[in-house]
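Right, one structure below, let's go through it.
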Amino acid sequence: MASYSLRIPQNLEMLINLRIENEKVDKLTALRQILYLGAENYVLDLYEKGNLSLSKTSEILNKSVYDIIQLVQKRGIKTGATIDEQKISEKIAKNTWKKK
Amino acid sequence: MIKLAIDSDGLIKLAKSNILKNVLKSFNCNITNEIYNETVTEGKNKLYEDAFFIGDLVDKNLLQVKDTKYRIPSNILKETKNLGKGEVSVLSLYFEIGTKAIISDDLAFLKLLKKFEIPFIIPIDLIIMMVNMKTLKREKAQSAIEKIRGFVREECYAKAKTLLGVK
């Protein structure tokens, strides 16, 4: 596990205090939780854009692939092939069954 | 029978579409130990229904689980840093047993496959292919597309409806 020291801006400190109050946790726990939430959002953003795969996303966030699928659904994030990949897939599918 | 390799994304979406059994009867479908671990073992630990369903299909030998030796050409392997163990194992399986295509709807995986011209079919197009092959009735295909609508991009769902002749 790595450790870092950093200066926290005042507005972020307010956020940490809010979390302490609402979640009844200590300062370091609150900070870790906020950091994780930010990381989760960032990783899911990469997943949505096709910069991380489903398996890789699940490994980084230490969740099952089902958890990830459920999480993106909950947030209304759309994933999967775009129309560009679909066009290629359609062509391959046609060639595959015709050559059968 | 046409031989296919499926990743976790493709497998789960086909399970959710309610036609996975039809797919397994129409094609020689293969997954890896890593995909089994992701979709069955870890899924069962979290009590996901699809995990139990997929596990049953493996137990009935409808879905083959294969070992992989991770034989991927080095020029492709070095581009897999954005992929997890599941996708990398399926890529290896493609090279090792010579599947006709990889079934996946994972955009990061598809981008790599596209780059190296490795054939892939997304679940929606597999469903349509089965209608064309007459191994799946059109009505069942339409229902399947509706079931996975929430899990795919709207543009692909709309295209599937057009291809199925649905307004």
| query | Ratio of chain B's C-alpha Rg to 2.2 N^0.38 Å, to two decimals? | reply | 1.00
| task | Multiply the residue gap between B:LYS44 and B:MET1 by 0.36 nm, knock off their C-alpha separation, and tell me the result in nm, one decimal place. | result | 12.5 nm
| For the stretch A:1-82, what D do you get in µm² per second when you plug the Kirkwood radius from alpha-carbon pairs into Stokes-Einstein at 4 °C and 1.567 mPa s? | 90 µm²/s
| note | Quick shape summary for the stretch B:97-167, equivalent ellipsoid via Cα gyration tensor, semi-axes whole Å in descending order, reads 23, 15, 9
| Largest-first principal axis extents, alpha carbons of the stretch B:1-86, Å | 37, 34, 21
| field | Computed label-point distance, nm, for sites B:ALA158 and A:ASP84 using a 7 Å Cα→Cβ extension | value | 1.8 nm
| query | Given R₀ = 30 Å, FRET efficiency for B:LYS115-B:ARG149 by Cβ-Cβ distance, to 0.05? | reply | 0.60
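Which FRET efficiency value, to the nearest 0.05, is calculated for A:ILE77 and B:LYS78 with the Förster distance at 41 angstrom and r the Cβ-Cβ distance? It would help to have the intermediate numbers written out before the result.
On the way: r = 29 Å, r/R0 = 0.70.
That gives a FRET efficiency of 0.90.
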| Restricting attention to the alpha-carbon atoms of the protein assembly as shown, what are Rg (one decimal) and Dmax (integer), both in Å? | 20.1, 66
| request: Hey, can you grab everything whose amide H is under 5 Å from the amide H of B:PHE120? Only 5+ residues off in sequence or another chain; H modelled, so Pro and N-termini drop out. | output: B:ILE102
| Pairing the Cα long axis of helix B:123-132 with the longest principal axis of chain B, what angle in degrees results, from 0 to 90 and rounded to the nearest 10? | 60 degrees
| note | The simple spin-label model distance between B:LYS140 and A:LEU15, using points 7 Å out along Cα→Cβ, in nm, is 5.0 nm
| query | Counting Lys and Arg as +1 and Asp and Glu as -1, each charge on the Cβ, what is the dipole of the protein assembly as shown about the Cα centre in debye, to the nearest 20? | reply | 1100 debye
| field | Exposure proxy order (Cβ contacts within 10 Å, fewest to most) of B:ILE12, B:ILE76 | value | B:ILE76, B:ILE12
| Using the alpha-carbon atoms, what tilt in degrees (0 to 90, nearest 10) does helix B:49-59 show relative to the longest principal axis of chain B? | 70 degrees
| query | Based on Cα positions only, what radius of gyration and what Dmax would you give for the stretch A:37-78, in angstroms? | reply | 8.9, 21
| task | Work through the residues other than A:THR82 whose Cβ is under 14 Å from its Cβ and net out their charges, Lys, Arg +1 and Asp, Glu -1. | result | -2
| message | Explain nothing, just the number: relative contact order of chain B, from Cα pairs under 8 Å at least 6 residues apart, as a whole percent. | response | 28 percent
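Relative contact order (percent) for chain A, with alpha-carbon contacts under 8 angstrom and 6 or more residues of separation?
After rounding, I find 14 percent.
Only the coordinates and a few stated rules stand behind these numbers; no lab work does. If you're wondering where the values come from, they're calculated on a predicted model, not measured in any experiment. Glycine gets a Cβ as well: all are built from the backbone with ideal geometry, and neighbour counts include every protein chain shown.
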